[in-house]
Amino acid sequence: MTVPPQETAVFTAAGRAGVGQRTGSLSTRHLVLAGAIAVAVVLPFVFQGFVIFQFTLVMIYGLAILGLNLLTGFNGQFSVGHGAFYGLGAYVTAILMHRYGMPYYWTLLPAGGVCFVVGFLFGLPALRLQGLYLALVTFAAAVALPQLLKFHPLEGWTGGVQGIVVDQPDAPAFLPIDSDQWLYYFTLLVILIMFAGAASLVKSRTGRAIMAIRDHPIAATAMGINGPLYKTLIFGVSALYTGVAGALGALAVQFVAPDSFSLFLSISFLVGLILGGMGSLPGCLFGGLFVLYVPNIAAEVSRGLAGAIYGLIMLLVIFVMPSGAAGFARLLGTYVSRMRHR
Amino acid sequence: MELFIQQVMSGLANGAIYASMALSVVMIYLAIDHLNFAQGEMATFSAFIGWQLIAWGTPYWVMFVAVVILSFIGGIAIERVLFKPLHNASILSQLVAFIALFSILNSLDGYLWDYTIKTFPTPFGTKPLFGSSLIDGHEAGMIVVTAVLLGLLYLFFQGTRLGLAMRAAASNPESARLVGIRVGWMTALGWGIAAAIGGVAGMLIAPIVFLEPNMMFGVLLYGFAGAVLGGLTSPGGAVLGGFAVGIIENLAGTFIPVIGRDLKLTIALVVIVAVLMVRPAGVFGRSAVSRV
Amino acid sequence: MMLEVQRLDAFYGEQQALFGIGFAVDEGKVRTLLGANGAGKTTALRALCGTVRTAGEIHFDGKRIDGWATEDIVRLGIAHVPDGRGTFLRVSVEENLQLGAITRRDRRAIAEDIERIYGYFPRLRERRAQQAGTLSGGEQQMLAVGRALMLRPRLLLLDEPSFGLAPRLVEELFEILGQVNRDMGVAMLIVEQNAALALELAEHAYLLETGRVVMDAAAAVIGADESIRRSYLGY
């Protein structure tokens, strides 16, 4: 099963072209975006330590989901295993910092790079597999990672079941903020860069080619688009994004261990993506919110039935907002603009 | 050589578990054109109900029949309540529904029956079969039941009009409506049957792996693997795939020294992937030929 | 009239595709819906089968069937050969035919009918055990017609049966349709772009243009009128 095109209405070339053409005049989108960034910058001074940590995690999960979005929403390839890339990025950071003393900000590059290579290599056999079968293979990866991390011969590197402790980065001396706030801003900066990168990829010719492959692979090939090349590249890019998120996650949580990167994480990302809205960039952040807060809410409602409550909330969201939060927002937008034009 | 045969036999015994799970996976795939990720949890829930009935003093075979019937009804109920309203929604909404169902059932199991491990009785006895230590009565019984179920399903799907109608409804609902098939009922029936088979699988597996809420997780995985390996459209292939997975897992665990217990699952999955590279539709699967 | 349609509107979501059209088909007779691409011909057939949202009246055998579910309409004896054929690709040719008769109970008659279909379409008999998805376009079209006939329908709806077929095959197909109409007394409503052949077979024709009926006349009349043929039918 590939992702049906109507699910990804936001990621269409026509839609994007409309936004890009308004040079010199501010569209509502730009205003909303500027407003959101302004709010984001101010937040750490309004809230305290733990809440800042949670906001940082929301951004991190949002980035991880963006990675999955690039692959699944954008290119139609299904992955139930992105937790593995997240974990891989986290471990690269942890190992580089712990064993080799590399400063935290440099580790993002190898984390992303390693994940890109692994993702690309994953993309190669994936070319032969359709929908369901690809889902199973990525599923296998998600299950395999924790086991590999606990694997005895590799324990020297991975720290085995106990994992590796990661030191929290300190804020630079000249800034009057604490380390939680610093990490928040660092994450915010990375997020902004990477989201901007994704947005520009979507608008580009490469982006249009990649979407064409999702919508009609045979026609795309007939037009001369190199399907296999783009599909494997986007797998790599997708893994890179999620891997960088994992690296940031390691810095935030200050700890990596095999069982933190289980299948549940992969599934959470997928659910977050769907509920946020496939093919939507802002939707990824909604997904991040969901992944972080809903399991906790469920546990608070009922300790024993936490899983059941979690499931019920998921059902509620999907019944009320079948195209995810982004789809719902779009509907609201159309409704509002129709009212305005009466 | 002795060790090899022993491991193969042991793998066959495990394989029977995976095969029965794979069978119910394929069954529902044929009925609704989707993989049911909550299949394992439904089977576990059925097994728990069986356990409860036994705890209340019900004789084994009465319990067995009751569980099959209740599972059948439960499957239909889930379809009507949860999936029918979503049938026009995207495939992703349905995926979320499956995951939600998994979560709800798993949680309910723990809540209603707690997490302590329980024993589940077997009607086949646990004495070694024919005095050999390779396979015991229950394992043999499982293999037989799985084979019988398979035979019945084959007859149903290939030999009856209802079976044909169900296959048609699953693979092409619009055309099915155009020949007068009530697609909604067919889907519900498919769920019911799959749930019933899952219930049987659960009752057969529980005596071996012991009953607890997460009992089916690994089994479901292997079941999927077996079904995909054998070909999702082929019940017979799924069963063979299940047995194959059991054997591969055991042999890999025994003969590749590094693997040990932890990586058995990974190796099994790696083998599956390798096979899919060569035959993307599974060993016995028929890929649907489509013209551009 | 066996089938009567009055003031029929049809909608795809918010878009209206048919605007108050009316047509009818008599027992055992052949009528045709003609028009250019996008005129609404396919939509009209879908409206009859209940697969699009409609407003207005559809009468079959005196019963109102607008708003009915597709399965129930089919069971009244209306068989639809859709554009795209709708073949069950993963099952065999013979199973496709069996599916056409899935709502019937008379086993022996079904077996006889299968033989009769093979009589009309010998190529299908050669391929009876083959997976239907491997058939060529022309063969799938024959299979689709055969499957529809297995219902022993009172009314057969055909959507562009000539589409994508070589000219010789199209002539063959229309000959067979004529034969079936005579032998089995099946009424037919044929949607066609190939107006010439359709007008030969039909006794009455409707011309659709952007969702409205612009002409409603005997087939011979339309076929004889050169100006109509040139401006609307392209020949």
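For the reader, a short list of remarks on this structure follows.
- Taking the numbered list (1) among the acidic types (Asp, Glu); (2) in contact with a helix residue (DSSP H, G or I) (Cβ under 7 Å, 6 or more places away or on another chain); (3) outside any loop (DSSP other than H, G, I, E, B) in turn, C:GLU115 passes all entries but (2).
Here's the yes/no breakdown for (1) surrounded by fewer than 17 Cβ atoms within 10 Å (Cβ to Cβ); (2) at pLDDT 85 or above; (3) closer than 24 Å to A:GLY307 by Cβ; (4) basic (Lys, Arg):
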site	(1), (2), (3), (4)
B:TRP51	no, yes, yes, no
B:ALA66	yes, yes, no, no
B:ILE99	no, yes, yes, no
B:SER103	no, yes, yes, no
B:TYR111	no, yes, yes, no
B:ILE117	yes, yes, yes, no
B:GLU139	no, no, no, no
B:MET142	no, no, no, no
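- In segment C:167-187 there is at least one residue matching the filter, namely being touching a helix residue (DSSP H, G or I) at 6+ places or on another chain (Cβ under 9 Å), in a strand (DSSP E or B), buried (at least 17 other Cβ atoms within 10 Å of the Cβ) and away from chain B (no Cβ under 14 Å).
- Qualifying residue in segment C:121-132 (condition: surrounded by 20 or more Cβ atoms within 10 Å (Cβ to Cβ) and closer than 17 Å to C:GLY84 by Cβ): yes
- Output for segment B:180-230, where each listed residue is assigned to a helix (DSSP H, G or I), at the interface with another protein chain (Cβ under 10 Å from one of its Cβ atoms) and under 17 Å from B:ARG80 (Cα atoms): B:VAL183, B:GLY184, B:TRP185
- Residue list for segment A:150-189, restricted to those being at the interface with chain B (Cβ under 10 Å from one of its Cβ atoms), touching an Asp or Glu at 6+ places or on another chain (Cβ under 9 Å) and part of a helix (DSSP H, G or I): A:LYS150, A:HIS152
- Verdict on A:PHE45 being more than 21 Å from the chain's Cα centre (by Cα), of a type in the set (A, V, I, L, M, F, W, C), part of a helix (DSSP H, G or I) and surrounded by fewer than 24 Cβ atoms within 10 Å (Cβ to Cβ): yes
- Set B:PHE72, B:PHE83: member being within 14 Å of chain A (Cβ to nearest Cβ), buried (at least 18 other Cβ atoms within 10 Å of the Cβ) and closer than 30 Å to B:ASN172 by Cα: B:PHE83
- Selection of segment B:176-234 for residues being modelled with pLDDT under 85 and among the aromatic types (Phe, Trp, Tyr) yields B:PHE217, B:TYR222, B:PHE224.
- Looking across segment B:157-177 at every residue that is under 16 Å from C:GLU71 (Cβ atoms) and small (Gly, Ala, Ser), the one that is surrounded by the most Cβ atoms within 10 Å (Cβ to Cβ) is identified as B:ALA169.
- B:TRP61 being in contact with a Lys or Arg (Cβ under 8 Å, 6 or more places away or on another chain) and under 17 Å from B:ILE205 (Cα atoms): no
- Any hit, segment B:159-178, residues being without any contact (Cβ under 8 Å) to a residue 40 or more places away in the chain, more than 8 Å from chain C (Cβ to nearest Cβ) and not in a helix (DSSP H, G or I): yes
- Test: residue in segment A:330-341 that is more than 13 Å from chain B (Cβ to nearest Cβ), surrounded by fewer than 14 Cβ atoms within 10 Å (Cβ to Cβ) and not in a helix (DSSP H, G or I): yes
- Across segment A:82-125, the number of residues qualifying as part of a helix (DSSP H, G or I), touching a helix residue (DSSP H, G or I) at 6+ places or on another chain (Cβ under 7 Å) and free of Cβ contacts under 8 Å to residues at least 40 places away in the same chain comes to 3.
- When C:GLY35 is tested against (1) within 14 Å of chain B (Cβ to nearest Cβ); (2) at positive phi; (3) of a type outside the set (S, T, N, Q); (4) touching a Lys or Arg at 6+ places or on another chain (Cβ under 9 Å), only condition (1) is not met.
- Index of the failed condition, C:ASP83 passing every other in (1) at the interface with chain B (Cβ under 9 Å from one of its Cβ atoms); (2) at pLDDT below 90: (1)
- Test: A:LEU273 is of a type outside the set (Lys, Arg) and over 20 Å from A:ALA326 (Cα atoms): no
- Candidate set from segment A:296-308 (those that are facing chain B (nearest Cβ under 10 Å) and touching a helix residue (DSSP H, G or I) at 6+ places or on another chain (Cβ under 7 Å)); member that is surrounded by the most Cβ atoms within 10 Å (Cβ to Cβ): A:GLY307
- The set of residues in segment C:139-166 that are away from chain B (no Cβ under 12 Å) and at pLDDT below 90 comprises C:SER162, C:PHE163, C:LEU165, C:ALA166.
- From A:MET102, A:MET97, residue being surrounded by fewer than 21 Cβ atoms within 10 Å (Cβ to Cβ), over 19 Å from the mean Cα position of the chain (by Cα), under 29 Å from A:LEU183 (Cα atoms) and away from chain B (no Cβ under 14 Å): A:MET102
- From B:LEU105, B:LEU95, residue being within 14 Å of chain A (Cβ to nearest Cβ), more than 21 Å from B:ALA201 (Cβ to Cβ) and within 22 Å of the chain's Cα centre (by Cα): B:LEU95
- Only one of A:ALA219, A:ALA199 that is small (Gly, Ala, Ser) and modelled with pLDDT of 85 or more: A:ALA199
- Residue count, segment B:108-122 (criterion: facing chain A (nearest Cβ under 7 Å) and under 19 Å from the mean Cα position of the chain (by Cα)): 0
- Filter result for B:ASN36 (crowded, with 18+ Cβ neighbours inside 10 Å and within 30 Å of B:GLU174 (Cβ to Cβ)): yes
- Scanning segment A:245-292 for residues that are away from chain B (no Cβ under 11 Å) and among the β-branched types (Val, Ile, Thr), we see that the one that is surrounded by the fewest Cβ atoms within 10 Å (Cβ to Cβ) is A:VAL253.
- The strands (runs of 3 or more DSSP E) found entirely in segment C:1-61 that carry 3 or more residues being touching a residue at least 24 places away in the same chain (Cβ under 8 Å) and small (Gly, Ala, Ser) are C:15-25.
- So C:ASP61, is it acidic (Asp, Glu) and more than 12 Å from chain B (Cβ to nearest Cβ): yes
The values are calculated or read from the model by the stated rules, or taken from the named source; none is laboratory data. Model, not experiment: these values are computed from the prediction. Methodologically, a virtual Cβ is constructed for each residue, glycine included, from the backbone with ideal geometry; neighbour enumeration extends over all protein chains shown.
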